[in-house]
Every structure is written in C-alpha cells, then in structure tokens.
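Below is one structure, written out as structure tokens; comments come after it.
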Amino acid sequence: MRPRDSVEAPSEGKYVKFRLAVALLAPLWLANCATVVEGTDQSVLVSTDPNGAECVLKRDGTDIAAVASTPGTVVVGKSKDPIQVGCRKPGYIDTTGYLQSGFQGMTFGNILLGGIIGVAIDAGSGAMHEYPPNIKLFLPPEEFPTPEARDAYFAERMAAVRDDADAAKKAIVDKCSETEGENKGCKSQQAKVDVQRDSQLAALEAQRAAARVAPAS
C-alpha cells in the first residue's frame, strides 16, 4: 500500500499516448505565429526622385493605395502577388516599378514548429508574405539640354541597376553558402534577379528614347 500523498508514475503506455497528443496538438498551438506577430497588413514608404510625384499602387489591375505627393507611406495587405507602383509628375516621364512579395522569416519558423497546418493558415491569411518596406522610383526629365546630358543621365541609372542586381545575387550566394550551398533554389533566385535587371534596363532604354532634347538656340 503506497502513502496517500504519493503520485503513481505513468506507465510507459500512458507516457507514449501523452507524447503523441502533444505532437498532434502542437501545430494548432503554433499555427498562427506569423498571423499574430506580423499581421496581414504592412506599411510601405513610396518615394521618388524628384519628390512631389503622384503614385498609384495596383495589384491584379485594381487600385489598392495612392500617394498624392511623394514621399508618402501607404498600408497594403500582404499577398503573394506583386504590386505595381506607377508614378507621374509634370515635366517628367511616367515611371513604373514593382514591389515583389517574399516570405517572412516567421513562416520558416512555422514550418519547423507548427507543421503544415501553420503554413496553410498563414498562406490563407496572407501573413506569410511581405513586401519590401520601401520603394524609390526615378522619374527622368522629359527634356534634356543636350544629347550628351540625356545619355549620361540614363547611363548612370543603368549602371545603378546593374550594381543593385550584382549585390542582390551576391547576397543570395552568401545566404546559400550559410545554409545549403549552391543549390537549385538559389540558382532560380539569381535567375529571377537577372530577369528583373533586364526588364529595368529595357524600361530605361525606352525612356531614353522617349526623352526629348531641347532645340538648339
């Protein structure tokens, strides 16, 4: 006969059942981490060079936010879909940029801790995706004093695009080296950077062709 205040140790069978119950319920406890911590909305700062441009943000062809005069901050819902940012200002060429959605770090925690249920809930709410916190667009002048001034302006902008792309690809390689090395996923990300770089360069060349040169006096 055991003392009244003693506690019977669980049998091996009961212990196994307890562990199984914890394992099954853990995803439900942790599933909403990204949704609770990060939320489904975020702020984005829209700026331009020069300031004072009017910008409209669209997703899937629908207006979702606007800035009357840059710089300005808007609140957008998180989504896997890119946001188109179109800006205009009198005397300057209309310019369009894109906010590409990416995965939040918390989502990867959900995959490790919360299992598939956590990922599914965050994907449905939009909390697992996040846009960059800011975007800056350069609006070229509609007219330049000389062809040399026009070409120098666009050459500088194109060089900046190439430098940004090189820096982005290096960051991808460095991150892959810390984790899985030069795998297929990393190469795919670098390829996307190349596509974005070439798209921006093509847009700049189109703007250069559209820019006027002031008549000789």
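A short reminder: the numbers here are calculations on the coordinates, not readings from a lab. Quick caveat, the model's predicted, so the values are computed rather than measured. Don't worry about glycine lacking a Cβ; one is built from the backbone with ideal geometry, like all the others, and counts go over all protein chains shown.
Tell me which residues come under 5 Å, amide H to amide H, from E143 once H is placed; ignore anything under 5 positions away on its chain.
Under 5 Å from the amide H of E143: R212.
With +1 on each Lys and Arg Cβ and -1 on each Asp and Glu Cβ, how big is the dipole of the stretch 143-217 about its Cα centre, in debye rounded to the nearest 20? Could the numbers behind the result be given before it?
On the way: 12 positive and 14 negative charges, 41 e Å.
The calculation lands at about 200 debye.
Residue by residue through the stretch 151-161, which ³J(HN,Hα) values in whole Hz follow from phi under the Karplus form 6.51 cos²θ - 1.76 cosθ + 1.60 (θ = phi - 60°), with glycine and proline marked x?
Computed from phi, the couplings for the stretch 151-161 are 5, 5, 4, 6, 5, 5, 5, 5, 5, 5, 5 Hz.
Once you've got the Cα coordinates, tell me which of K80/K192; K136/K175; K58/K192; K136/K170 are over 18 Å apart. Don't skip to the answer; put the middle values down first.
Details: K80/K192 15 Å; K136/K175 25 Å; K58/K192 21 Å; K136/K170 22 Å.
Cα-Cα > 18 Å for K136/K175; K58/K192; K136/K170; rest within.
Got a sec to turn the phi values of the stretch 186-195 into Karplus ³J(HN,Hα) couplings, 6.51 cos²θ - 1.76 cosθ + 1.60 with θ = phi - 60°, whole Hz, x for Gly and Pro?
Running phi through 6.51 cos²θ - 1.76 cosθ + 1.60 with θ = phi - 60° gives 5, 5, 5, 5, 5, 5, 5, 4, 4, 5 Hz.
Between Q189 and D60, what FRET efficiency follows from the Cβ-Cβ distance if R0 is 25 Å, with the result rounded to 0.05?
0.60
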